[in-house]
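Contents: one structure, followed by commentary.
The values are calculated or read from the model by the stated rules, or taken from the named source; none is laboratory data. None of the values given here were measured: they were computed from a predicted structure. Here the Cβ is made from the backbone with ideal geometry for all residues, glycine too, and neighbour counts use every protein chain on show.
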Amino acid sequence: MQVYLVGGAVRDERLGLPVKERDWCVVGATPKELTDAGYKQVGKDFPVFLHPETGEEYALARTERKTAAGYHGFVFDTSPDVSIEEDLSRRDLTINALAVDSDGVLIDPFGGMQDLEKRLIRHVSDAFMEDPVRILRAAKFAARYARLGFRIAPETRDMMRQMVADGEADALVPDRVWKETEAALAGPNPHLYFEALRACRALRVVFPEVDALFGVPQPAKWHPEIDAGLHTMMVVEESEKISGDVEVRFAALMHDIGKARTNPAELPSHPGHEQLGKKMIREVAERLPVPRACRDLALIVAEYHTHCHRAFELRDETIVRVLEKTDAFRRPDRFERFLLACEADARGRTGFEHREYLQAAYFRAVFAAASGVDAAQIASDHDDAQIPAALRKARVAAVRQYRQRA
């Protein structure tokens with residue numbers, strides 16, 4: 001039995017990046033030999049084992065053969081005679097098809113090290129076309145390593161585009177789409193993930209609501225970049241600068257998708273895009289396993305981001321209504337995320353990238369004033385049916401008092 005360190009750990013080590021997790025490949029062993037040694041088997045599609053002490057994943061070397069469309073359409077061979085080179089040959093990208101043996105010797109049969117030096121994200125073989133998830137993974141790596149100068153090799157992008165044209169991307173399952181998208185949103189430069197998907201025409205398959213924004217005009221007075229799709233990418237990019245939170249970044253992606261369904265006769269204005277956006281976000285969340293927290297923040301940002309932008313113009317009653325509708329009093333942490341997403345939207349416009357977003361600070365201040373109301377005292381002074389109205393009245397008065405002093 002031979003054990004090799006494989007994949008991402010080898011890649012990141014060679015790039016001088018911190019290694020977050022280590023995956024191992026076992027050659028010349030059977031499942032029984034590993035379980036007898038104390039390893040715990042996990043995974044249904046192929047044998048993966050957890051080390052009894054470290055908990056790290058050890059997978060039997062395997063080859064695979066395509067038998068049907070989609071991610072699950074493979075038959076695996078995990079017999080003891082599968083070599084490390086054969087195992088590496090089934091991997092998606094050359095920079096992931098690297099292994100190191102127990103003596104520290106590098107195994108690199110497909111030029112992964114050369115592509116690391118050239119900063120290329122390149123497929124190992126034509127087998128790349130057999131698994132549509134690899135489109136998402138290539139886009140994810142393009143975003144993750146863009147800061148190091150990596151780019152998708154032209155021949156790989158052509159292959160990704162051909163996969164979309166052949167309908168292979170249509171077989172992507174919702175779980176994998178969200179898993180890769182969530183990982184991209186959590187990492188650096190997530191806007192480049194969506195741009196890479198659009199470059200190979202996969203964005204219209206996995207996020208058609210976002211893809212439909214490109215080419216939709218907006219008023220030049222407020223959006224010098226004009227294009228709603230370009231604006232959305234700029235907002236996602238700005239969200240990266242001010243928050244590492246996936247919820248904030250997803251809300252940035254979704255905030256304006258209602259503009260894709262604006263009546264053409266109304267363009268370049270977008271009346272009612274907030275409510276249209278809410279409906280579309282729910283459609284996205286029904287199609288993909290978007291976590292509830294991501295969905296809910298996206299919904300309130302879509303509906304109320306324009307209110308936040310007009311903070312100084314709103315009536316006292318409207319400010320309190322926004323605080324109530326965004327559930328700020330019970331979920332102040334989420335209200336803060338709401339403000340961050342609104343700030344990203346305000347800055348995600350050509351020439352506005354460095355402009356101070358005073359509305360967020362203003363909303364924080366009026367929220368603090370409204371939060372100072374003694375809700376317990378009001379509850380004790382009123383019947384149950386009267387409490388909501390009395391509490392709202394007191395909060396409106398507190399906001400009014402703050403604004404008069406400010």
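Annotations
- Residue within the range 241-258 that is in contact (Cβ under 8 Å) with a residue 40 or more places away in the chain, closer than 20 Å to residue 350 by Cβ and not in a helix (DSSP H, G or I) present: yes
- Search result, residues across the range 336-383 that are among the β-branched types (Val, Ile, Thr) and in contact (Cβ under 8 Å) with a residue 24 or more places away in the chain: 350, 366, 373
- The set of residues in the range 359-406 that are part of a helix (DSSP H, G or I) and loosely packed, with under 12 Cβ neighbours inside 10 Å comprises 376, 377, 380, 381, 384, 385, 389, 404, 405.
- The range 32-50: number of residues that are in contact with a Leu (Cβ under 7 Å, 6 or more places away or on another chain), at pLDDT 90 or above and either assigned to a helix (DSSP H, G or I) or crowded, with 16+ Cβ neighbours inside 10 Å (or both): 2
- The requirement of being within 22 Å of residue 236 (Cα to Cα), modelled with pLDDT of 95 or more and not hydrophobic (A, V, I, L, M, F, W, C) is satisfied by residue 181.
- Residue under evaluation residue 34, criteria (1) under 26 Å from the mean Cα position of the chain (by Cα); (2) without any contact (Cβ under 8 Å) to a residue 60 or more places away in the chain, criterion not met: (1)
- Residues of the range 98-126 that are crowded, with 17+ Cβ neighbours inside 10 Å and either touching a Pro at 6+ places or on another chain (Cβ under 6 Å) or part of a helix (DSSP H, G or I) (or both): 112, 115, 116.
- Per this entry, residue 310 is not counted among residues that are within 26 Å of residue 225 (Cβ to Cβ), modelled with pLDDT under 95 and either charged (D, E, K, R) or touching a His at 6+ places or on another chain (Cβ under 8 Å) (or both).
- Among the candidates 245, 211, 227, 256, the residue that is surrounded by 24 or more Cβ atoms within 10 Å (Cβ to Cβ), at negative phi and acidic (Asp, Glu) is uniquely 256.
- Scanning the range 81-97 for residues that are among the hydrophobic types (A, V, I, L, M, F, W, C) and crowded, with 22+ Cβ neighbours inside 10 Å, we see that the one that is farthest from residue 8 (Cα to Cα) is 88.
- Taking each residue of the range 292-317 that is more than 16 Å from residue 271 (Cβ to Cβ) and looking for partners that are among the small types (Gly, Ala, Ser) and assigned to a helix (DSSP H, G or I) with beta-carbon atoms closer than 6 Å, six or more apart or interchain, yields 295/285; 297/251; 298/251; 301/251; 301/341.
- Residue within the range 199-212 that is within 13 Å of the chain's Cα centre (by Cα) and assigned to a loop (DSSP other than H, G, I, E, B) present: yes
- Qualifying residue in the range 72-80 (condition: buried (at least 20 other Cβ atoms within 10 Å of the Cβ), in contact with an Asp or Glu (Cβ under 9 Å, 6 or more places away or on another chain) and modelled with pLDDT of 90 or more): no
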